[in-house]
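The values are calculated or read from the model by the stated rules, or taken from the named source; none is laboratory data. Small disclaimer: the values here were computed from a predicted structure and weren't measured. Using ideal geometry, Cβ is built from the backbone for each residue, glycine included, and neighbour counts are taken over all protein chains shown. Accessible surface areas use protein heavy atoms only, side chains included; no ligands, DNA or RNA. Shrake-Rupley method; radii C 1.70, N 1.55, O 1.52, S 1.80 Å.
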Amino acid sequence: MQMNFYMPTKVIMADNCVINHSEEFSKLGTKAMLVTGKSSAKKNGAQDDVIAALTAQNMEYVVFDKVMSNPTIACAYEGAAFAKANNVDLIIAIGGGSPMDAAKAISLLAAQEIKEEDLFSGNYGKEVIPMIHIPTTAGTGSEVTPYSILTNDAKQTKTSIAAPILFPEVALCDPKYMMHLGMATTINTAIDALSHAVEGMLSVKATAVTDVMAIESIKKISACHEALKKRELSLEDRGNLLYASTLAGMVISHTGTTAVHSMGYSLTYFKDIDHGRANGLLLAGFLRVVEKEIPERTSRILEAMGLKTVDELKVWLEELLGEKENITAEDIAKYSPIAIQAKNIMNCPVRVNEAQITEIYKESFGI
Ligand code: NAP
Ligand code: ZN
């Protein structure tokens, strides 16, 4: 048996954990920068809870609420300049994957001088500003991953900064912030988490431990399928999805993602399709290719979902995704050469070539 496991993030998942663990903030700094999207953190109560916790600990704070969905490199540099100008020593990310990923890049760029052309080089020093992450969607698992994924216009895709220094110190996870998350985002993010767990199972870097976490995550998400279909989620369902997405985040911290994510980035970059939805549109097509060569892995995934065939998985996903976008053969001809160059392709156990990627895109969109 061989096994490596590294998860330096302290995860606290509990009702009211932000208020009840306010000491976590003062252990790490004295002046915090809150990194959020435009409005959700203010509306769902998370920002108020953080401010109450900081006040209880006599800490100062500033707010940077300019993170857009699929954050840009410019946003990360702007945030880093803001962090430096305000001399902050703690970064608190509140939001979905976009603010959490932006916060990681900000924490790196505020602590180290890194030129834009070297941003994705992987050659970084050790300094970062410590981070606490508070997820308000249940999907990306970014609160427990060492990845910051930014829109990369030079390459017309999304590219990951990946470095162990980007693991947040603490993740405070409370499903109450998700009670009013819209159903489209709820479904898309749940599918993102499912995709992380499934791709983790199919990665060449999967281990016995990541498999256990991935199976648990897949089961919890599957148990919410009916609620997601009905578009009625209880707090318990929200809690299960958050647990599942954090677990799946731990999985991809070890395994990385695979071709599904590489291919999904083009759908997001060129067609503005939400990240999780993009993965969901491609997942069954990818499994169909993989199934031919490693049927036992595919069966374990399907069994955990209570399904027997990839066709059933396709239906399972379509019931949540609804009508698909119109993607043409010309679109696909543009996306395939981009997807084949992504680093995550190397994690695929069945090494897919460009022609197979084109086939998966075509099958996924009925072309
Ligand atoms: P998101 O882009 O962070 O947020 C989507 C939308 O949901 C935004 O409009 C946001 O509003 C809103 N929102 C967030 N929380 C809410 C809440 N509790 N209630 C109501 N509205 C809420 O979406 P995401 O799917 O979570 O993140 C996607 C990003 O994560 C992509 O850039 C993807 O590449 C990345 N990602 C990262 C990893 C990783 O390991 N680092 C893994 C997978 C995906 P506001 O803008 O107002 O906040
Ligand atoms: Zn993802």
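With charges set only on the Cβ (+1 for Lys and Arg, -1 for Asp and Glu), what does the dipole of region 172-259 come to about its Cα centre, in debye to the nearest 20?
100
So with the 1.4 Å probe, I'd like the accessible area per residue for the chain, rounded to whole Å². Don't skip to the end; give the middle numbers.
Numbers: 14840 Å² over 367 residues.
Ligands and nucleic acids excluded, the figure is 40 Å² per residue.
Ratio of region 267-367's C-alpha Rg to 2.2 N^0.38 Å, to two decimals?
Numbers: Rg = 13.5 Å, N = 101, 2.2 N^0.38 = 12.7 Å.
For region 267-367, the normalised Cα radius of gyration is 1.06.
To the nearest 10 degrees, how steeply does helix 235-255 sit against the main Cα axis of the chain, on a 0 to 90 scale?
That helix lies at roughly 80 degrees to the long axis.
Cα-based Rg of region 95-200 per 2.2 N^0.38 Å, rounded to two decimals? Please list the in-between numbers first.
On the way: Rg = 14.4 Å, N = 106, 2.2 N^0.38 = 12.9 Å.
Normalised Cα radius of gyration, region 95-200: 1.11.
Considering Cα pairs under 8 angstrom that are at least six residues apart, work out the relative contact order of region 183-364 and quote it in whole percent.
Reported relative contact order: 30 percent.
Roughly to the nearest percent, how much of the accessible area of region 183-364 is carbon and sulfur, given a 1.4 Å probe?
50
What percentage of all Cα-Cα pairs in region 41-86 are separated by more than 12 Å?
For region 41-86, the share of Cα pairs beyond 12 Å comes to 69 percent.
Given Lys229/Lys314; Lys220/Lys343; Lys27/Lys66; Lys27/Lys84; Lys219/Lys308; Lys158/Lys229, which pairs have Cα atoms separated by over 24 Å?
Lys220/Lys343; Lys27/Lys66; Lys158/Lys229
Mind scanning Lys38/Lys104; Lys155/Lys362; Lys155/Lys205; Lys271/Lys324 and naming the pairs with a C-alpha gap bigger than 20 Å?
Too far apart for the 20 Å limit: Lys155/Lys362; Lys155/Lys205.
Within a Cβ distance under 9 Å of Leu281, other residues only, what is the Lys/Arg minus Asp/Glu net charge?
Taking every Cβ under 9 Å from that of Leu281, the sum is +1.
Of all accessible surface on region 119-175 at a 1.4 Å probe, what whole percent is carbon and sulfur?
Numbers: 930 of 1730 Å².
Its accessible area is 54 percent carbon and sulfur atoms.
Using all C-alpha to C-alpha distances in region 183-364, build P(r) with 10 Å bins and read off the rounded percent in each one.
10, 42, 37, 10, 0
Using only the Cα atoms of the chain, what semi-axes does the equivalent ellipsoid have when each is the square root of 5 times a gyration tensor eigenvalue? Give whole Å, largest first.
Details: eigenvalues 208, 103, 69 Å².
For the chain, the semi-axes come out at 32, 23, 19 Å.
What residues have an amide H closer than 5 Å to that of Lys10, excluding those fewer than 5 places away on the same chain, when H is modeled at 1.01 Å from N in the peptide plane?
Sorted by chain and number, the residues that satisfy this are Val170, Ala171.
Mind giving me the nanometre distance, one decimal, between the label points for Glu323 and Ala81, set 7 Å out from Cα along Cα→Cβ?
4.3
Need the C-alpha centroid separation for region 269-313 versus region 73-100, integer Å.
If you average the Cα positions of each part, the centres end up 34 Å apart.
Could you rank the peptides 258-269, 233-244 by their average count of other C-beta atoms within 10 Å per residue, with the highest value first?
On the way: 258-269: 26.2, 233-244: 20.5.
Peptide ranking by packing, descending: 258-269, 233-244.
Straight-line reach from Lys115: which aspartates and glutamates have a Cα under 17 Å away, not including same-chain ones fewer than 8 places off?
Glu78, Glu127, Asp153
Looking at Asn344, Ala284, Thr358, which one has the Cα that reaches farthest to the positive end of the dipole of region 183-364 (charges on Cβ: Lys, Arg +1; Asp, Glu -1)?
It is Asn344.
Report Rg(Cα)/(2.2 N^0.38 Å) for region 30-156, keeping two decimals. Don't skip to the end; give the middle numbers.
Working: Rg = 13.8 Å, N = 127, 2.2 N^0.38 = 13.9 Å.
Region 30-156 yields a ratio of 1.00.
If you count, for each residue, the other Cβ atoms within 10 Å and average over each peptide, how do 91-101, 271-281, 325-335, 199-209 line up from highest to lowest?
Top of the packing list down: 91-101, 271-281, 199-209, 325-335.
Using the Karplus curve 6.51 cos²θ - 1.76 cosθ + 1.60 with θ = phi - 60°, work out ³J(HN,Hα) for each residue of region 171-186 in order, rounded to whole Hz, and write x for Gly and Pro.
These are the phi-based 3J(HN,Hα) values: 10, 10, 10, 9, x, 4, 5, 9, 4, 10, 5, x, 5, 4, 5, 4 Hz.
Charges at C-beta only: +1 for Lys and Arg, -1 for Asp and Glu. How large is the resulting dipole of the chain about its Cα centre, in Debye rounded to 20?
Here the size comes out at about 140 debye.
Pairs of Cα atoms under 8 Å, at least six residues apart: use those to get the relative contact order of the chain, whole percent. Walk me through the intermediate numbers first.
Numbers: 718 pairs, mean separation 57.9, N = 367.
It comes to 16 percent, rounded to a whole number.
Where nothing but the Cβ of Lys and Arg (+1) and of Asp and Glu (-1) is charged, how large is the charge dipole of region 55-142 around its Cα centre, in debye to the nearest 20?
Taking the Cα centre of region 55-142 as origin, the dipole is about 160 debye.
Select from Met179, Met213, Met100 the residue farthest towards the positive end of the dipole of region 79-231; place +1 on Cβ of Lys and Arg, -1 on Cβ of Asp and Glu, and compute about the Cα centre.
Going by the charge dipole, the pick is Met179.
What value, in deg cm²/dmol to 500, does the helix sum -39500 (n - 2.57) over DSSP H runs of n ≥ 4 give at 222 nm once divided by the residues of the chain?
Helix-only estimate at 222 nm: -16000 deg cm²/dmol.
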